[in-house]
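No lab work stands behind these numbers, since they all come straight from the coordinates. The shown structure was predicted, so the numbers you read here are calculated from the model rather than taken from an experiment. In this analysis, Cβ positions are derived from the backbone assuming ideal geometry, glycine residues included, and neighbour counts consider all displayed protein chains.
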Amino acid sequence: MNAIHKLLLAAAVAVALAWCTWSHTKIGPVVLERPVAIASSRPCLDLGCQRGQRPWLDLADKFRPDKPFKSLPDLMHHVGNGSLVEMPDHSDNITRKMLLTSLLDGTLPARYQPKTAWLFRGIDNRPHMSRGVDQGVEGHPSQLLAEFAALGIPSSRVVRFGSTSASIAELVRSLREDFHLEGEIEWKAIALARYAPSKTGWVNRWGKAFDFDAITDSLLRRAPAEGSCRGTHVLQSLVVIWRVDALKPILSGSSRDSIRRRLASTIDQLRASQRPAGYWAPDWFTPHPNRGDYTQDPLLFPDDQLALVTGHHLEWLDLLDDDMALPDANRRAAVEWCVQSLARVTEDSIAKNLCAYSHCFRAVTRAISPEIQSNERGVP
Ligand SMILES: [Zn+2]
């Protein structure tokens, strides 16, 4: 090979490499068949009762889907906790796996279906989930896709609603094409981090480039309680990105450090603001002005708001590594408060505030019935 041939070969390799990099950014990174699984690293609390004993069943009874679910993620969140979902008339008890399979196949009984389509194709034929977050389908944009990822559903799985069908991989690509940093990005970020983790960014359909550093920066710029569910979704999103990054690096060193600092400072805030009874209130991010006197709490905050904040915090806290974790005594107090709160609350209140109580129920179920949690995966 003479010098000219070598030069031409080197140029061809350089062009090929440049094209690969450009096309990767343009098309976006590969969508994984299996979303990144994040094991809960916290040991289960022993609350002294096992599944099958009355306390667990009494709480689970209150979550029977005897009314149409307000939103699909609530349904998924709820059914994710039990291997058996007992239907109200006991005649059609089906396993959680069957319920999820029916949901994904579009064969869910009409009474459990949301009122509006959760899957549709736009005029450009790209698939989308939910036309709006307030139409009984999703509580938050892309929450359902994030739940699919949390449940370990493969991206080749085709989901159906009515006559529309799409693979989860198509939905992830569509989400990436539409992605921007305005509004609620928490669940979008979780879905993308688990299904399409990559250090290389992607370009949306308006030509704007994004990566997980930009997403992290945007999430960290938000004030502590900014965003839905009293700012707890931002923490959930940050901890998922952080845990995914430890398995498949998607962040720069400075983003990684910034998330670590935010999570550590939040733990300090939660230690300071947890009430002696074990719950956190909507003011969790500010030290209570009069420590020791919480007699005003019932007047200031409805019980469902305390359940919402406490249940949401427990969920992301369970994803933390041991060296960052909330001390066991604080965690136990919060879980025990959830048990008492769920024991007190009426079925009607649960139906009205399913989002708030389903997070508490999830945290409690993990403590009372760890084998159910370990059954989380394996959805066909
Ligand atoms: Zn929420």
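Quick check: net charge around residue 199, other residues with Cβ under 14 Å of its Cβ, Lys/Arg +1 and Asp/Glu -1? Charge balance in the 14 Å sphere: -1.
Take each peptide in 208-217, 252-261, count the other Cβ atoms within 10 Å of every residue, and average; sorted highest first, the result is 208-217, 252-261. Taking amide H atoms as placed 1.01 Å from N in the peptide plane, the amide H of residue 119 lies under 5 Å from those of 130, each 5 or more residues away in sequence or on another chain.
What does the charge add up to near residue 279, with Lys and Arg as +1, Asp and Glu as -1, over the other residues with Cβ less than 11 Å from its Cβ?
-2
Cross-link check: pairs 62/188; 115/352; 115/208; 6/199 evaluated at a Cα-Cα cut-off of 25 Å; pairs beyond the cut-off: 62/188; 115/208; 6/199.
Using a simple spin-label model with points 7 Å from Cα along the Cα→Cβ vector, what separation in nm is obtained for residue 294 and residue 348? About 2.8 nm separates the two model spin labels. Annotation for the range 134-218: GluC sites (Glu not before Pro) lying in DSSP loop with at most 14 further Cβ atoms inside 10 Å of their Cβ are 182. The HN-Hα couplings worked out from phi for the range 154-161 by the Karplus form 6.51 cos²θ - 1.76 cosθ + 1.60 (θ = phi - 60°) are x, 6, 7, 4, 8, 10, 9, 9 Hz, whole numbers, x standing for Gly and Pro.
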